[in-house]
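Quick one: structure below, then a few questions.
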Amino acid sequence: MKPVRALLLWLLVPAAAAAQERDYGALRDSLARLESPAAVRALLAAADRPPLERGLIGLRLHELTGDDDDLEAARRAFDAANRDAPHPWAHYGIGLCHLRSGEIRIPSPGGVLNAVTVLQSFAEIVGLDHLSRARRAFRRALELDSLHWPAALELAALALADRDDDALRHARDAIRRIERAGAGDRRALLLTLADLEAALGEPAAGAEAARRALEVAGPADPVALHAQAAALLRVPGSEEAGAAAYFAGIDALTPEAAERYHADLLPILNEDDEELRWQLGNLEARKQWLREFWETRAALAGLTVAERLASHYRRLAVAQERYRRTGKRGPAPIDATILQTAGARTFPFDDRGLVYIRHGPPDETISTPGVGIRQNETWVYEMPDGTRQLFHFVRLDAATDFRLVDDILHAVIGDAAGSARGDLQLTGLDAAVRLLEARTDLDPSYGSLYAELLRAQTVYDRSLNAAGDDQQAHAAGRLGEIMREVARARQEIQAESRLRTLAAIATDSDRPRFDRDIPFYFDLYTFRGEQGRTDLTVAIAIPGERLRGRTRGDTTYYSLRIGLIVADTLQRRIVRRDTVYNYVSAEPLRRGQYLRTHLDLSAPPVEHAAYRVVLRDAFDPSAGQLYGGRTDVDDFTGSALQISDLVIAEPADSGAWQRGNVRLALLPPRELAGRPAFTLFYEIYNLAPGSSYSTEITVERDGGSGGIFGKLRRLVGAGDAIRLRFTGVAPPDADTTIGVQERRRVEADLDDGRYRVRVVVTDLATGERATREEVFLVSKGE
C-alpha cells in the first residue's frame, strides 16, 4: 500500500474507533514518508483534527520547512492534547519540540545580541533550557507508558551525548524493560542498548546486545556489525573478533553505517587530506578508504590492524569517561593553542581527550600545584620516532575545561596575555620557577629560561630589602634587564613549542606497549626484485642476556614474533611480513651471545618510506621492542648500471640467509669483533652478458661520527686504508633479476673508529660506473 494512501486510511478511522488508542507510532512513521510540505499542510487543514494528530503533523511540517512558527504550532497542539488528560505521545511530542529549539537568546534587532548567552546559561543552571525540558518530557512519557519506546530512544540519545552515569543507567533500564516486553523496534532498541552498555563500561554486555541485534536484523546489517565491533574491540582477548565484525560491516556499508564509522574517526582525521577524501568519495570509495586508513595506521604503529583498532576504541572510551568537556559556548581563551569557540568544537571531550585519542596514555604526567598557579598538567610522550613531545594543559581564566597551551607559564595566575604575552609579572616569579623546575629535565630548552628566572627571583628578593633609593633603583634596573631577557627567551621557546605542538596534534601515533624491553640490533638491505619491485632484508641480532626462554630439562626454547613493515604513506601502500622464529639451545644464552635471524619481503620502490621492525617474545607478549624511521626503498628498474646495498657477513661460505646461489651468515650491525676478516657481498645490475667490468673496493677511515652508528657496539679490526682491484666477466646466463653476484673476502685489522667501505664498478666496454658505499664503526672494547 502506498504511504499516502495508508496515511489517509489512518486519518479516516471512524470516531468510534478513535475512542480506542490510536497507533500514533504508525502515524509518525507514515508522516515520515511524506516529502511535500504542501501535502502535510493539507492534512492540517481538516477542522476536526485532534490536537495530538495536529502536533505530530506539525512536527513533520517543521522538519520539511524549518519554520519556527510550524514548530511553535506543533508545541501548542501537544499542550492542548495534555489539557484533559496527560498523554505519553503528547509529552513525547513536547520533548521533540524542545530538542529542535535553539538556545535561548536575548531578542534584538537583526540578532546583534545572539552571541550573548547569559540567558541560556542561566536556564541550564535552573533546568529550564530546552534539553533539560526535553529530558523531563521524555521521562514523563515513560511514566505514563513504560513501554513507550520512541521516548526511551530519545532519552538514551540525550544520555549518550551527556555521558552522565545516572542518565545512562536510567535510559538503559528503560530500553531493557521495553525490549524484554517485545515492544517497539527491536533492532533500534538493541543497537541503542549496545551503545548504552558500552558507555557504562560494560563492553561485553554491549557486544551481546549487538549480537542480538544481528539476529533480528540479519547477519550482514552494517550498523549492528559496527556496534558489535566497537564493543568487542574493548574486550581483552576479543580484538580479532572485533576487527572481523568491523570489516564485515565495511563490506556491507550503507549511508547510515558510514556515518557511524566516520564519527568514530573524526578525532584522528587529517582534515586537509583524509577528511577531504572521505567527503568526496562515494560508498565504494569509502569502503576502500576505511580499509586503507587502518592498514596505514597499523603499519606506522608496528601493530596488527586488530590491535590498532582496539587501541583506538579503548582510547575513545577513556576520553569520553575521564575528559568530558563541560564548556558549551563562548570564545576560546586567547592563550589556548586550539583557537576554536566552544560551539564549534564537535568533540564531547576537552583537549586532553583529543591528545589521548591521538597519542594514547602519556608516558609521564606532571602537575604543579601551589599558590599563584592555575590547574595544570604536562603530558610527556616518547614518540615512535625517538623524539620526546610535551603537551601542556592549563585551566585558563574564564574556562571550565583544560586547554592545550604552547607555554606552561600560562599557568601562572596574572600572567599577561594578548599583546603583552611573554611579560611575566614579578609577583609570579616564584610560581614560574616551580613550574619550570618540574619540567627542565624533560625539555632542555627550558634550561636557560629557568636560570634567568632564578636570577630574576634573587634580584627581586634583594630589591624588596634594598635600604636606599639608589640601591632600589639599581636593583630595579638590573631586574628590568633580566625580565626583558626572560620575555625574549620565553617567546622563542613558545614559538618553537607551538610549532612542535601543532605538528604533533595534527598527527596520531601508537606503538606496542611493552613492560620489558628487548633491545636488538638490525640492518636493512635492498636488492632488485621481480616485476619492478625491490627485495628488502632485515638482519637482526638480539643480545642473549635480554631473552628469557623456557627451559625443559637440559634444553632452552626461545620463540619470537618478528615483523617488518614498509609504508608508502603518500600512496597508502603497505607491505608487511610477520613470522614466528623458534630457536632451541642446549643452555640459556648468555652475555656476549646473540640470537641472529632475518626477514625478507618484496615492496614497490619508494623514497623516504616509513619502516617498522617489531620484535615480541611469543612466550611473554608484554616483552619486546619496536624500532622505526624512514628509509629509501631503492628503485633498481631501468637500464643504468647499479649496485645493491653492501652486506657485511661472516667470512664463512655458509649461513641461514640465502639469495640466489649465495648463502651468508649476516652480522647485524655489521659486527666483526675479534675477526681478522669478513665477507663483503653485493649484486651488480644491468651488465650485458659476457661484458668485462672492473671493481674497486676501498675501506678507509671516515671523518664523521655519531648518528645511528653510535648505537653499534663493535665491528672490525685496525690499520690503514685497504684497496682491492680486480676485473671480471658477466656470466652469459646471469639471472636477470639478481644480476652478477660478488662475494669478496676482506682481510683487515683496523683500529677503533669510523670507517667507510666503497665499491665502484666500471663497465669496461661503455665506461659507465656505479658506486655504492656504507659506513661502519670499529670498537674492540666492550
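Where the centroid of each part is defined by its Cα atoms, how far is region 210-271 from region 435-459 in Å?
The distance from the Cα centre of region 210-271 to that of region 435-459 comes to 49 Å.
May I pose another question? How large is the accessible surface of R277 in square angstrom, using a 1.4 angstrom probe and rounding to the nearest 10?
Surface accessible to solvent at R277 totals approximately 90 Å².
Now, a different point. Assign one of three labels to region 221-323, namely rounded, prolate or oblate, based on the Cα gyration tensor with a ≥ b ≥ c the square roots of its eigenvalues; rounded applies when a/c is under 1.5, prolate when it is not and a/b is larger than b/c, and oblate otherwise.
The shape class here is rounded.
Within the set of other residues whose C-beta is less than 9 Å from the C-beta of T537, count the net charge using Lys and Arg as +1 and Asp and Glu as -1.
Here the charged neighbours net out to -3.
How would R758, R33 rank on accessible area, largest to smallest, probe 1.4 Å?
Putting R758, R33 in descending order of accessible area: R33, R758.
Sticking with this structure for a sec: How would T427, T440, T378 rank on accessible area, largest to smallest, probe 1.4 Å?
T427, T440, T378
Any idea what the dipole of region 515-634 comes to, in debye rounded to 20, about its Cα centre with Lys/Arg Cβ at +1 and Asp/Glu Cβ at -1?
In debye, rounded to 20, region 515-634 gives about 280.
Also: Tell me the accessible surface of Y627 in square angstrom (1.4 angstrom probe, heavy atoms of protein chains only), to the nearest ten.
So the heavy atoms of Y627 present about 60 Å² to solvent.
Now a separate question. Normalising by the residue count of region 547-636, find the relative contact order in percent from Cα pairs under 8 Å and 6+ residues apart.
Computed over region 547-636, the figure is 30 percent.
May I pose another question? Looking at the square roots a ≥ b ≥ c of the eigenvalues of the Cα gyration tensor of region 616-667, which shape do they give, rounded for a/c under 1.5, prolate if a/b is larger than b/c, or oblate?
Since a/c reaches 1.5 but b/c is at least a/b, the shape of region 616-667 is classed as oblate.
To the nearest 20 debye, what is the magnitude of the charge dipole of region 475-536 about its Cα centre, counting +1 on the Cβ of each Lys and Arg and -1 on the Cβ of each Asp and Glu?
That gives a dipole near 360 debye.
Sorting R490, R745, R163 by accessible area (1.4 Å probe), largest first, what list results?
R745, R163, R490
Using a/c under 1.5 as the rounded threshold, could you call region 515-634 rounded, prolate or oblate? The axes a ≥ b ≥ c are square roots of the C-alpha gyration tensor eigenvalues, and prolate needs a/b larger than b/c, oblate otherwise.
prolate
The values are calculated or read from the model by the stated rules, or taken from the named source; none is laboratory data. Note that the structure is predicted; figures quoted are calculated from it, not measured. In this analysis, Cβ positions are derived from the backbone assuming ideal geometry, glycine residues included, and neighbour counts consider all displayed protein chains. Areas reflect the complete protein model, heavy atoms only, side chains present, ligands, DNA and RNA absent. Shrake-Rupley method; radii C 1.70, N 1.55, O 1.52, S 1.80 Å.
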